[in-house]
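S.K.: Can you keep this structure in mind? I'll have questions shortly.
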Amino acid sequence: MRYCARMPRFVNVAAAQLGPIARTDTRAQVVKRLIELLQQAHAMGCTLVVFPELALTTFFPRWYFASSNELDAFYEREMPGPETQPLFDRARQLGVGFVLGYAELTTDDDGTEHRFNTSILVDQQGNIVLRYHKVHLPGHAEHEPWRRFQHLEKRYFEPGRGFGVARAFGGVMGLAICNDRRWSETYRVMGLQGVEMIHIGYNTPVHNPPAPEHDNLSMFHNHLVMQAGAYQNGTWVVGVAKSGCEEGCEMIGGSAIIAPSGEIVAACTTTGDELAIARCDLDLCNSYKRSVFNFEAHRQVHAYGRITSQTGATPPK
Ligand code: CDT
């Protein structure tokens with residue numbers, strides 16, 4: 001009998017949590033911090049470094065900007081651009097890939113502008129292999145001065161159109177951003193494409209003005225949704241925060257690397273710049289995908305019609 005050894009599919013991943021970014025911090029200052037974390041991760045054997053949502057600036061949707069000049073300064077028109085090129089260059093030199101969240105501004109040939117809350121996956125050769133536009137934009141579209149701080153993502157971004165995945169780092173990689181992690185649809189749409197590792201950057205204030213009664217559950221909810229999403233789809237999840245007190249707004253940390261079992265295998269303990277590192281075996285996904293969450297064998301799509309035909313809940317009369 002011939003024995004066929006399989007090549008292990010390990011990905012050494014770093015969740016590169018960021019502490020606060022001040023409104024006055026320049027891109028150059030922030031990129032320096034990102035490169036520092038990237039180098040530390042490389043020194044510890046990582047080949048993939050995951051940065052948070054909107055990792056190049058402060059979380060600007062917390063302010064209402066009447067002037068678009070002020071607002072436009074937070075968006076990137078090219079990636080890499082002159083200020084982010086050093087990150088791409090250093091990562092390529094080290095042979096390290098990364099995930100980066102940023103605000104993206106594009107212009108169509110007819111002059112129409114589009115603004116997205118974007119995340120990209122960059123391979124070890126410096127190529128962008130997956131680009132994702134945030135689908136679930138939380139908050140509100142109009143100025144609401146009663147709030148302690150604004151959450152104007154619905155004003156400053158348009159929603160993305162779907163969840164794609166890419167073959168990279170020896171497996172099937174997916175991207176989502178912050179509020180997406182609270183929605184089971186996010187994980188399942190990628191689960192249906194065989195995703196094996198989902199990267200999710202976030203900026204989550206401890207205080208949620210419309211529901212302050214949830215404030216002391218914010219870390220519990222953070223881990224609850226990512227652990228459930230990982231287990232129910234047999235995938236790794238890497239959740240990475242921008243955290244700490246940013247411009248007077250307290251944001252949760254809790255960056256974590258979660259196995260397909262739903263267990264947290266590495267986590268940050270501070271609310272500053274910090275790495276959480278894990279050697280992730282992509283083949284740990286297999287037993288979940290082949291047994292309890294064997295979609296082909298067990299899903300019952302005839303019963304799921306409402307998921308795509310209906311948005312709000314309609315309780316019985
Ligand atoms: N950035 C982002 O999406 N933040 C939202 C805040 C919503 S308050 C519960 C989040 O889901 O974390």
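The values are calculated or read from the model by the stated rules, or taken from the named source; none is laboratory data. None of the values given here were measured: they were computed from a predicted structure. Neighbour counts run over all protein chains shown; Cβ positions are idealised from the backbone, glycine included.
S.K.: Filter the stretch 210-238 for residues that are of a type in the set (Gly, Ala, Ser) and under 25 Å from Gly171 (Cβ atoms); which is farthest from the ligand (Cβ to nearest atom)?
M.R.: The selected residue is Gly234.
S.K.: Test Ala28 against the criterion of being out of contact with any Phe, Trp or Tyr (no Cβ under 6 Å at 6 or more places or on another chain), among the small types (Gly, Ala, Ser) and in a helix (DSSP H, G or I), and give yes or no.
M.R.: It is true that Ala28 is out of contact with any Phe, Trp or Tyr (no Cβ under 6 Å at 6 or more places or on another chain), among the small types (Gly, Ala, Ser) and in a helix (DSSP H, G or I).
S.K.: Applying the selection to the stretch 166-182, what residues are surrounded by 24 or more Cβ atoms within 10 Å (Cβ to Cβ) and more than 11 Å from the chain's Cα centre (by Cα)?
M.R.: Hit for the stretch 166-182 is Met173, nothing else.
S.K.: Follow-up question, since we're still on this one. Among Ala166, Ala241, Ala176, which is the only one that is part of a strand (DSSP E or B), away from the ligand (no atom under 15 Å from the Cβ) and not charged (D, E, K, R)?
M.R.: Working: Ala241 fails: away from the ligand (no atom under 15 Å from the Cβ); Ala176 fails: away from the ligand (no atom under 15 Å from the Cβ).
Unique residue meeting the criteria: Ala166.
S.K.: Which residues, counting only those in the stretch 114-123, are within 16 Å of the ligand (Cβ to nearest atom) and in contact (Cβ under 8 Å) with a residue 60 or more places away in the chain?
M.R.: Asn117, Ser119
S.K.: Just to check your reading of the model, which residue among Gly139, Gly101, Gly126, Gly111 is within 16 Å of the ligand (Cβ to nearest atom) and outside any strand (DSSP E or B)? Break it down stepwise before answering.
M.R.: Working: Gly101 fails: outside any strand (DSSP E or B); Gly126 fails: within 16 Å of the ligand (Cβ to nearest atom); Gly111 fails: within 16 Å of the ligand (Cβ to nearest atom).
Gly139 is the lone residue from the list that is within 16 Å of the ligand (Cβ to nearest atom) and outside any strand (DSSP E or B).
S.K.: What number goes with the only condition from (1) surrounded by fewer than 16 Cβ atoms within 10 Å (Cβ to Cβ); (2) within 26 Å of Gly171 (Cα to Cα); (3) not basic (Lys, Arg) that Gln85 does not pass?
M.R.: Only one criterion is unmet by Gln85, namely (2).
S.K.: I would also like to ask the following. Are any residues in the stretch 271-314 of a type in the set (Ser, Thr, Tyr) and free of Cβ contacts under 8 Å to residues at least 24 places away in the same chain, and if so, which ones?
M.R.: Ser291, Tyr304, Thr308, Ser309, Thr311, Thr314
S.K.: Taking the stated definitions as given, is Val49 outside any loop (DSSP other than H, G, I, E, B) and closer than 17 Å to Leu100 by Cα? Full working, then the answer.
M.R.: Values: outside any loop (DSSP other than H, G, I, E, B): yes; closer than 17 Å to Leu100 by Cα: yes.
Yes: the conditions hold for Val49.
S.K.: Out of all the residues in the stretch 183-209, which are surrounded by fewer than 19 Cβ atoms within 10 Å (Cβ to Cβ) and within 10 Å of the ligand (Cβ to nearest atom)?
M.R.: Trp183, Pro205, Val206, His207, Asn208, Pro209
S.K.: Also: Within the stretch 56-88, track down each residue that is outside any loop (DSSP other than H, G, I, E, B) and either without any contact (Cβ under 8 Å) to a residue 24 or more places away in the chain or of a type outside the set (D, E, K, R) (or both).
M.R.: Answer for the stretch 56-88, where residues must be outside any loop (DSSP other than H, G, I, E, B) and either without any contact (Cβ under 8 Å) to a residue 24 or more places away in the chain or of a type outside the set (D, E, K, R) (or both): Phe60, Pro61, Ser68, Asn69, Glu70, Leu71, Gln85, Pro86, Leu87, Phe88.
S.K.: Scan the stretch 226-238 residue by residue and report those that are within 12 Å of the chain's Cα centre (by Cα) and either modelled with pLDDT under 95 or in a strand (DSSP E or B) (or both).
M.R.: Result: Val237, Val238.
S.K.: Further question: For the structure I just gave you, tell me whether Gly253 is assigned to a loop (DSSP other than H, G, I, E, B) and modelled with pLDDT of 95 or more.
M.R.: yes
S.K.: When the stretch 239-260 is examined, which residues are found to be of a type in the set (A, V, I, L, M, F, W, C), under 19 Å from Val13 (Cα atoms) and over 15 Å from the mean Cα position of the chain (by Cα)?
M.R.: Within the stretch 239-260, just Ala259 meets the criteria.
S.K.: Scan the stretch 34-46 for residues that are in a loop (DSSP other than H, G, I, E, B) and either buried (at least 24 other Cβ atoms within 10 Å of the Cβ) or within 16 Å of the ligand (Cβ to nearest atom) (or both) and jot them down. Give the steps one after another, and end with the answer.
M.R.: First, the residues of the stretch 34-46 that are in a loop (DSSP other than H, G, I, E, B): 44-46.
Hit for the stretch 34-46 is Cys46, nothing else.
S.K.: Residue pairs, Cβ under 7 Å, 6 or more apart or interchain, first in the stretch 201-225 and assigned to a strand (DSSP E or B), second of a type in the set (D, E, K, R) and more than 10 Å from the ligand (Cβ to nearest atom). List them.
M.R.: Pro205/Glu250
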